[in-house]
Structures are given as structure tokens and as C-alpha cells.
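Peer 1: Next up is a structure, given as C-alpha cells.
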Amino acid sequence: MNWNFKRDARRVIAVIIAGILMALNIKTFVRTGNLFPGGATGLTVLIQRLALKFLNVELPYTPINLALNAFPVYIGFRFVGKKFTLLSLLMIIVSSFLADLLPAYVITYDTLLIAIFGGIVNGIAISLCLYVDATSGGTDFIAIYLSQKRGVETWNLVLGFNVIILSTAGFFFGWDKALYSIIFQYVSTQTLHALYHNYQKQTLFVVTKKAQEVADAIHIASHHGATISNVTGSHSHDPYQLVYSVISGADVKNALQAVREADPSAFVNSIHSTEIRGNFYMRPKD
């Protein structure tokens, strides 16, 4: 592992802040609304509440969450990236211990408000982790491993896991709590999409007479290649070339600037891509 003190120090601070936000969210919105987040956090909360309901035992959050994350952390450390996994483990530890140590606090008893604002805080915490190349743990490790190393679509896997949690929660604790938890998870996902763009894909169509220069500029800015086709203007009948490339949403600004510098007269159409199949470069985790 190569360490950059300033950069890694910022990453550590960001992960700690994210862990604090996650723990505060659990002790305020999640606890008050009896909601069930997704992933390992949701499963931990579910196990706690099942133990309290049927065994009358109040289990601490930390050992359950650490146990549930043990195998995903191993997957991350072994196959994804060591520094990435260590930072993610720091997030798991900070959020777990603070979830036990911080006192519960009620902001509101309105379950709809709890689901909305709890989802926003959850999305902010996850986004903060992702910005510094870490994760909140749980299914994220397995999802990244399957998508980057095995080329497996993981959306249905994560969705199925959360469906099991919500179905179990709804059966034992009331379907209203499960439905409000869906709102919580939906708001969290939308917040994540609004704040973090690395996993979003953008398609660039560039009409130009300097196709190779434009394609090279896109590659330098985003590490993605391009396809070049010969096209003809329908009105002028002048010959042009079309440069087609799919890049990460996080690289769009730099790529568009690079295209403009390569050919100031180029016509660019940028389209959000919802599904990509085939080889797509993803920067490896460190």
C-alpha cells in the first residue's frame, strides 16, 4: 500500500465524520421511527429488535454489526483493495461503537418526517464515504467484488437482501414500519445519486472534424476509449466524424472541457446512460 499523508488524512477524517453521522442517524431517526435501513445496518437493527421482542434481551449494536461485516471485510481486503477496506472498516467501527455509546435523542415522532430526513442523512453519510474511496460496509464489499472482479450485476442481489430484511421486519413488527423503511431507503438512494456520480454513466456524442484529437482528449480526461464513425450533415452535406464514448459521471466536466479544447467548434450531446453492458473501465480500489 502506498500512503499519501495529506490525502489519506483527509480520507480518515471524512470517514470518521461519516461514521458519526451514521451513528447519530441510528440513535435519532432510525430508533425513534422503528425503521430498518438496508444492508448490514438494517440486519443488525433487525436482530436487535427480534432479540428484544422474543428473548427480552437488549443486544449491543457493535458485536452484531462487526460479526456481520467480518466476511465482507475479508472479501474486500482479499479481492478489492487493502486501503479501501481499512478505511471502510474504520467507518464500521466508528459507527458501531457510537451507536452504542451515544444517547438516544428524539427530534420528531412523525414517522414520515423521520423516513425522509433519516434517508437524507443516511445518503449523505454513504456519499461522504464514497467520495474518499471507502464504503459503509456490508453488502457494498460483495457488490463491488462481484461487479468489478466477476462482471456480475449486483442490483438484484442487494435488492433481494433488503427485501428479505423488510419482509421479516414487516411480518414481526408491522407492515407500516416496513413501508416507511422503503421510503427511508428510497430517499437515501436518491440523495446518494444526487451527491455522488462516480457510478453513474454518461454517453457523449461528439460531431467534429477532429475525431482523433477529440477521442484522445476524452481518453486522457476519463481513461475511457471511443468509437469513431463517418457521418454527413443533413443540411450542408459536409463530411464529419462522430465520436461516441461512455464515461463515468464524475469525469463529465473534465471530458467536456477537454473536448472543447481539442475542437472548439465540436457539437456535443451528453446523455445519461441507465444501463451499460460489456467492458467499462472502473478505477481499481487502492
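The values are calculated or read from the model by the stated rules, or taken from the named source; none is laboratory data. All values derive from a computational prediction rather than experimental measurement. In this analysis, Cβ positions are derived from the backbone assuming ideal geometry, glycine residues included, and neighbour counts consider all displayed protein chains.
Peer 1: Is it the case that A143 is of a type in the set (G, A, S), under 25 Å from Q200 (Cα atoms) and free of Cβ contacts under 8 Å to residues at least 24 places away in the same chain?
Peer 2: yes
Peer 1: Can you work out which of the residues in region 246-272 that are of a type outside the set (A, V, I, L, M, F, W, C) and farther than 22 Å from H193 by Cβ is surrounded by the most Cβ atoms within 10 Å (Cβ to Cβ)?
Peer 2: D263
Peer 1: Spot the failing condition for L128; the list is (1) out of contact with any Pro (no Cβ under 7 Å at 6 or more places or on another chain); (2) on the phi > 0 side of the Ramachandran plot, and only one is missed.
Peer 2: The number of the failed condition is (2).
Peer 1: Another question, then. Test of understanding: among I116, I64, I126, which residue is within 19 Å of the chain's Cα centre (by Cα) and modelled with pLDDT of 95 or more?
Peer 2: The conditions single out I116.
Peer 1: While we're on this one: Got a sec? Which of A115, A125, A70, A40 is out of contact with any helix residue (DSSP H, G or I) (no Cβ under 9 Å at 6 or more places or on another chain) and either among the acidic types (D, E) or under 25 Å from L157 (Cα atoms) (or both)?
Peer 2: The match here is A70.
Peer 1: Something else about it: Criterion first (in a helix (DSSP H, G or I), surrounded by 14 or more Cβ atoms within 10 Å (Cβ to Cβ), in the same structural domain as G38 (by TED's automatic domain parsing) and over 20 Å from the mean Cα position of the chain (by Cα)) does A178 satisfy it?
Peer 2: Here the answer is yes, as A178 does meet what is asked.
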